[in-house]
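**Student:** Here's a structure for you.
We did not get these values from a lab; they are worked out from the coordinates using the rules stated. Values in this document were obtained by computation on a predicted structure and should not be read as measured data.
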Amino acid sequence: MKVKKALRRLDHVESLLADVMAQLAGNYHDVKELLGSAKADVARAVKMLEDPAPATKPKAAVKKASEAPKKTATKKKAAAPKKTAAPKKTAKKKSAAAKRKAAPKKT
């Protein structure tokens with residue numbers, strides 16, 4: 001959902017909550033309190049959508065110069081030659097004619 005559409009819907013929800021709170025009769029203090037907290041949550045969501053700054057920065061991106069690892073000259077080992085697998089020999093299937101020739105004759 002796009003931000004503009006979400007803001008419009010949240011604004012509508014906030015006005016509906018305000019209307020219900022205004023029309024609610026006297027002895028429903030607990031309900032009014034819950035509706036008030038819901039309205040505050042909606043207002044907080046609107047504020048977060050209007051101000052899209054990230055809440056936290058990734059810890060890996062923030063490094064001090066003194067904490068950066070120092071590079072030292074090291075000798076690299078020569079890469080071992082890679083072993084290639086020999087092609088596997090597969091048994092060939094005998095054709096029906098070859099099977100008949102190889103089969104002993106019945107007398």
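**Student:** Any chance you could run the full-extension gain for SER37 through LYS4? It's 0.36 nm times the residue separation minus the Cα-Cα distance, nm to one decimal.
**Tutor:** 9.5 nm
**Student:** Across the Cα atoms of segment 3-51, what radius of gyration and what greatest pairwise Cα-Cα distance (Dmax) are found, in Å?
**Tutor:** 12.0, 38
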